[in-house]
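Everything on this sheet refers to the single structure shown next.
Taken together, the values in this text are just the output of simple stated rules run on the coordinates, not laboratory data. Since the model is a prediction, treat every value here as computed from it, not as a measurement. As a convention, Cβ positions derive from the backbone with ideal geometry for all residues, glycine included, and neighbour counts pool all protein chains shown.
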């Protein structure tokens, strides 16, 4: 393989790697929707169990999300699949809602940074 082809392949690889490792900031509408889901739209509401300062939530059953600072992928997995006493929400929230609440929680806690 020539140097020119090898450098092009490496450049494409690095460009792809950069795109997958940098998540886009959620927009204001997504954050607003995620907060609404966290507070009232999920049943049971996330705020019943979790503490999250931005939402004014002081639940004491689940982890304190301000302390945990979960990343987007972790929140999404827990919301979708549930864990321990936390129910799975895959049957009651659509993909857009799961994405919004995951983006909201990870954004306001600084998760994954």
Revision key, fill the gap. Per the 1/(1 + (r/R0)^6) rule, R0 = 22 Å and r from the Cβ atoms of residue 81 and residue 48, FRET efficiency to 0.05 is 0.70
**Study point:** Contour minus Cα-Cα distance for residue 32 and residue 95 (0.36 nm per residue)
**Key:** 21.1 nm
Exercise for review: For each of 48, 43, 75, count neighbouring Cβ atoms within 10 Å of the residue's Cβ, then give the residues from fewest to most.
Suggested key: 43, 48, 75
Point to revise | Estimated D of region 26-109 in µm² per second, where Rh is the Kirkwood radius over Cα pairs and Stokes-Einstein applies at 25 °C, 0.890 mPa s | key: 201
Review point. Taking the Cα atoms of region 71-113, what is the range of coordinates along each of the three principal axes, in descending order and whole Å?
Key: 29, 23, 12
